[in-house]
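Report on one structure; see the data block that follows.
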Amino acid sequence: MNRIAHRGCADQYPENTVLAARRVADDVDAIEIDVRRCGSGELVVVHDDTIDRVTDGTGRVADLSLAALQAHEVLDAGEPIPTLASFLDAVPDAVGVNVELKERGLAAAVAAELAAIENWFVVSSFDVEALAEMRAVDDSISLALLFQHDPDENLARAVELDCEYVHPSARLCLTTNVVADAHRRGLDVNAWTATRATIATALVKAGVDGVIADRTDCF
């Protein structure tokens, strides 16, 4: 079972930061992060479309330059919002990376960054079109479709996209047949997001291949 740190284990460490990558690396098999493009064009690792929640600043990521973004600390941790490149540099080669595309138009730039690393990786998104863009850029990249509703419809979409994985919500994994149905279609299942060890244990019993969790003590 793959142990995947959600945003670098966001309940323990400042989410989506280099500090989180370094702190969590010894305890997990992979780190899940979120990627957007900032106003000056760089790929940055941040979940929300604004910086309001995770910093003392305000504004949309897409409107702010990298310098403006990095003038603020993430969750008072002394860490800036990192570029994708700097985050990947901080992840040991033996630890995988799950890059979630938070918007369209990132495929070529993300693929280029991932081509430069030794880590194993998967690209995920809730957005079918974002994954289709990635598939068009490089048909060898492992893809994962994220979803929390309509398992039958989304499993069919994942097959159409030639995904290797699906990432359904923990609720779906525990209350529907999505895990078994995905396996029958040749798809591995990584479930999100475990916040307690009891949830992770239940997911493993349900047959998932990986658990995406907010804490290392969930595993």
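No value in this document is a laboratory result; all are computed from the given coordinates. Quantities reported herein were computed from a predicted structural model and do not represent experimental measurements. When we count neighbours, we look across all protein chains shown, and the Cβ atoms used for this are built from the backbone with ideal geometry, even at glycine.
Close amide H pairs (under 5 Å, H built 1.01 Å from N) link E100 with I33, D34, V35, S124, residues at least 5 positions away or on another chain.
Karplus-based coupling profile of the range 52-65, in residue order and whole Hz: 4, 6, 9, 9, 8, x, 9, x, 7, 4, 5, 9, 9, 5, with θ = phi - 60° in 6.51 cos²θ - 1.76 cosθ + 1.60 and x standing for Gly or Pro.
Using +1 at the C-beta of Lys and Arg and -1 at the C-beta of Asp and Glu, which of A213, V44, L174 has the Cα lying farthest in the positive direction of the dipole of the range 2-218? Of the listed residues, the answer is L174. Summarised in one figure, the compactness ratio Rg/Rh of the range 2-218, Cα atoms and Kirkwood Rh, is 0.95. Placing R0 at 30 angstrom, the Cβ-Cβ distance between D127 and R184 gives a FRET efficiency of 0.75 after rounding to 0.05. Charge dipole of the range 2-218 (Cα centre as origin; +1 on each Lys and Arg Cβ, -1 on each Asp and Glu Cβ, all else neutral): 440 debye, rounded to the nearest 20.
Using C-alpha pairs below 8 Å separated by at least 6 residues, the relative contact order for the chain is 19 percent. The trypsin sites (Lys or Arg not before Pro) of the range 1-101 that DSSP puts in a loop, and whose beta carbon has at most 15 other beta carbons within 10 Å, are R53.
Computed extension gain for A136 through R60, at 0.36 nm per residue and net of the alpha carbon distance, reaches 24.5 nm. Averaging Cα coordinates gives a centre for the range 146-208 and one for the range 22-98; these two points are 26 Å apart. Which one, S124, T198, Q70, projects farthest toward the positive side of the charge dipole computed for the range 2-218 from Cβ point charges (K/R +1, D/E -1)? Of the candidates, T198 comes out farthest on the positive side.
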